[in-house]
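*Asks:* Shown below is the structure under consideration.
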């Protein structure tokens with residue numbers, strides 16, 4: 001009994017040590033978020049004074065910054081743009097990456113593996129090299145200064161990533177299922193649509209989530225291709241339109257950033273392991 | 001991927017194939033061939049949309065950027081003349097280019113040192129079992145999951161020249177003087193601090209990534225292997241050096257290459273914090289390429305500057321590719 005107690009105490013001490021080690025990391029990761037949150041609800045005079053402790057409200061919290069955001073800026077339009085862009089990107093990614101991933105994983109194409117790697121490598125071609133030629137492509141399509149430009153451009157990174165992710169996913173579906181379907185008289189298309197696709201739904205969903213979150217991680221394309229204030233997505237509109245010259249509306253800025261940033265961060269959080277698995281080629285668990 | 005894994009592994013497919021051939025003994029070789037070609041046709045048909053998209057919007061633009069770089073293309077002037085290596089030469093002779101080049105390298109190296117130190121310690125902590133691990137892990141990875149343009153704004157506010165919360169704390173601790181004195185750091189306005197301030201944001205954003213990649217590596221090492229090494233009398237250090245390190249090396253490599261590509265080519269942190277200033281102190285190549293290519297409208301020279309990243313990135317891509325392929329077999 002006594003030894004059991006000391007064991008438990010030992011365990012508790014070990015946990016305390018781990019927590020102590022993790023505290024600085026958690027603090028470092030979360031503080032900027034906390035700082036955004038409290039800034040978004042502070043009154044202006046409360047933001048700009050140095051004599052009292054800034055970590056909590058010294059005056060009553062306010063929703064004024066959000067009112068400014070929704071009634072005096074294009075923020076509402078940006079949210080709609082962001083969501084619409086992401087939805088289109090997700091659709092384009094799905095209709096291209098799902099079949100491609102399936103073909104590369106299951107149909108024993110010659111050089112399938114090399115094609116897969118080549119597609120994935122395009123994910124590593126950085127936007128900074130592509131954005132100038134793509135600006136010409138966008139102009140040629142007559143899409144400059146519309147958010148449609150981003151619908152065309154974002155799949156350049158969501159398709160490679162999605163294809164690679166789904167390729168890994170389709171490989172885990174047992175081959176026998178498909179073959180059984182084929183024996184039962186399904187064609188290749190039938191086996192794919194009726195048997196493989198339904199059991200791969202979680203993978204397809206993951207690809208959709210990444211199409212959403214990856215589109216929101218972009219800044220360069222949005223900055224370079226979309227100039228009119230009401231056409232921007234949130235991550236571009238907030239830093240470029242809410243900062244006017246040297247005047248900073250910090251409260252509104254932080255509110256705007258958080259309102260969209262936090263849901264994306266939370267969503268991404270749940271799928272982070274899939275992302276890491278994706279880029280490290282599906283090794284590990 | 002080996003042929004076996006292509007077929008889903010194991011002997012079942014062949015067994016199934018045998019059943020099929022018993023069920024339809026009349027199938028001729030010709031039939032089988034047409035089956036194969038049907039399968040291939042179907043496969044290429046499925047592959048086509050994705051492949052076309054990538055070829056048209058990544059492959060072609062990449063080649064187009066090579067063309068832009070040797071032309072005098074301008075935003076206002078759609079007809080471009082071939083001017084050879086003029087853009088590269090003028091970049092080469094530009095002081096700003098070399099400042100940006102040096103800053104990019106400093107940025108990459110300093111950031112890599114800090115994020116690997118932080119990432120490694122965090123990974124070792126998260127490797128332990130303790131209550132609330134999921135929650136803590138979820139909190140710690142927030143910097144990486146938050147859209148970059150958005151988190152940079154929080155930093156811009158924390159680096160504010162007058163109301164910086166960092167300075168508030170440092171000042172209360174007595175480490176720096178009062179606002180307005182020389183010992184009050186202006187993070188984004190001081191040429192000695194601006195680049196460091198930008199590096200700090202990159203480190204903040206990517207240390208969780210380093211940690212998670214390392215963790216993925218650690219958890220991919222089967223416990224039996226470690227136990228076997230233990231039974232054979234390996235010390236902790238030996239086990240790490242001879243068992244864990246070689247096994248996680250490929251994953252680490254990929255994580256490292258990924259991070260390098262993104263750090264080297266990311267413009268958002270510097271662009272939003274300092275625009276490369278003050279006086280080019282924090283200018284990096286992507287920012288320079290953007291300013292010349294889009295803001296000044298000199299597409300050709302901008303493309304040339306962006307292409308200077310290729311020799312920096314190409315060896316990494318090559319390593320990445322080799323690594324990825326080697327692991328498959």
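*Asks:* Ranked highest first by average number of other Cβ atoms within 10 Å, how do B:208-220, A:169-181, B:228-240, A:84-96 line up?
*Replies:* Put in order of decreasing packing, that is B:208-220, A:84-96, A:169-181, B:228-240.
*Asks:* Using Cα springs under 10 Å in a Gaussian network model of chain B, which residue among B:130, B:114, B:308 shows the largest mean-square fluctuation?
*Replies:* B:130
*Asks:* Moving on to the next point. Running a GNM on chain A with Cα contacts under 10 Å, which residue among A:151, A:236, A:183 ends up with the highest mean-square fluctuation?
*Replies:* Highest fluctuation of the listed residues: A:183.
*Asks:* Which value, in Å³ per residue, describes the convex hull spanned by the Cα atoms of the protein assembly as shown?
*Replies:* 206 Å³
*Asks:* Do me a favour and compute the ellipsoid semi-axes for the range A:171-218 from its Cα gyration tensor, root of five times each eigenvalue, largest one first, whole Å.
*Replies:* 30, 10, 7
*Asks:* Can you give me the orientation-averaged projected area of the convex hull built on the Cα atoms of the range A:136-285, in nm²?
*Replies:* Computed as one quarter of the Cα hull surface, the answer is 12.1 nm².
*Asks:* Given 5 Å bins starting at zero, what is the percent of C-alpha pairs of chain A in each, up to the one with the largest pair distance?
*Replies:* Pair shares across the bins are 1, 5, 10, 11, 12, 12, 11, 10, 9, 7, 5, 4, 2, 1, 0, 0.
*Asks:* Additional query: Among B:111, B:279, B:60, which one shows the highest mean-square fluctuation when chain B is modelled as a Gaussian network with alpha-carbon springs under 10 Å?
*Replies:* Largest GNM mean-square fluctuation: B:60.
*Asks:* Further, regarding this structure: Treating each Cα of chain B as an identical point scatterer and ignoring solvent, apply the Debye formula and state log10 I(q)/I(0) at q = 0.08, 0.09, 0.10, 0.14 Å⁻¹.
*Replies:* These q points yield log10 I(q)/I(0) values of -0.60, -0.73, -0.85, -1.22.
*Asks:* Please give the average number of partner chain Cβ atoms lying within 10 Å of the Cβ of each residue in B:123-130, rounded to a whole number.
*Replies:* The shielding value for this peptide is 4.
*Asks:* Determine the calculated [θ] at 222 nm for chain B from helices alone, applying -39500 (n - 2.57) to every DSSP H run no shorter than 4 residues and normalising by the residue count; nearest 500 deg cm²/dmol.
*Replies:* -21500 deg cm²/dmol
*Asks:* When every alpha-carbon pair in the range B:172-329 is counted, what percent end up more than 23 Å apart?
*Replies:* Beyond 23 Å sits 59 percent of the P(r) for the range B:172-329.
*Asks:* Counting only other chains, and only Cβ atoms inside 10 Å, what mean value do you get across the residues of A:24-37?
*Replies:* For peptide A:24-37, the averaged partner shielding equals 6.
*Asks:* A further question on this structure: For the residues B:321, A:16, what sequence is obtained by ranking on other C-beta atoms within 10 Å, fewest first?
*Replies:* Taking fewest neighbouring Cβ atoms as first place, the list is A:16, B:321.
*Asks:* Against the longest alpha carbon principal axis of chain B, how many degrees, from 0 to 90 and to the nearest 10, is the axis of helix B:95-127 turned?
*Replies:* For helix B:95-127, the angle is close to 60 degrees.
*Asks:* Calculated FRET efficiency, residue B:231 and residue B:319, Cβ-Cβ r, R0 45 Å, to nearest 0.05?
*Replies:* The computed FRET efficiency comes out at 0.80.
*Asks:* So what's the range B:100-201 giving for Rg/Rh, alpha carbon basis, Kirkwood Rh from the mean inverse pair distance?
*Replies:* 1.04
*Asks:* How would you order B:286-298, B:80-92, B:168-180, A:22-34 from highest to lowest mean count of nearby Cβ atoms within 10 Å?
*Replies:* B:286-298, A:22-34, B:80-92, B:168-180
*Asks:* A further question on this structure: Any idea what % of Cα-Cα pairs in the range B:220-311 are farther than 15 Å?
*Replies:* 70 percent
*Asks:* How would you rank A:143-150, A:110-117, highest first, on the average number of other Cβ atoms within 10 Å across their residues?
*Replies:* A:143-150, A:110-117
*Asks:* If you take each beta carbon of peptide A:215-228 and count the beta carbons of other chains within 10 angstrom, what is the mean?
*Replies:* Neighbouring Cβ atoms belonging to other protein chains average 4 per residue here.
*Asks:* Let me ask something else about it. Relative to the compact globular guide of 2.2 N^0.38 Å, what is the alpha carbon radius of gyration of the range A:14-62, as a ratio?
*Replies:* 1.52
*Asks:* Using Cα pairs closer than 8 Å and at least 6 residues apart in sequence, work out the relative contact order for the range A:29-120, in percent.
*Replies:* Relative contact order, the range A:29-120: 17 percent.
*Asks:* Once you wrap a convex hull around the alpha carbon atoms of the range A:39-108, what is its projected area averaged over all directions, in nm²?
*Replies:* 8.2 nm²
*Asks:* Starting from the Kirkwood radius over alpha-carbon pairs of the range B:174-254, derive D by Stokes-Einstein at 10 °C in a medium of 1.306 mPa s and give it in µm² s⁻¹.
*Replies:* The estimated diffusion coefficient comes to 97 µm²/s.
*Asks:* Next question. So what is the relative contact order for chain A, in percent, with contacts set as C-alpha pairs under 8 Å and at least six apart?
*Replies:* Taking the mean separation of contacting Cα pairs over the length of chain A, I get 27 percent.
*Asks:* Right, something else. Which whole-number percentage describes the relative contact order of the range A:102-193, with Cα contacts under 8 Å and a sequence gap of 6 or more?
*Replies:* Relative contact order of the range A:102-193: 38 percent.
Laboratory data are not the source of any read-out in this text; all were calculated from the coordinates shown. All of these numbers come straight from a predicted model, not from anything done at the bench. All Cβ positions, glycine included, derive from the backbone under ideal geometry; neighbour counts span all protein chains shown.
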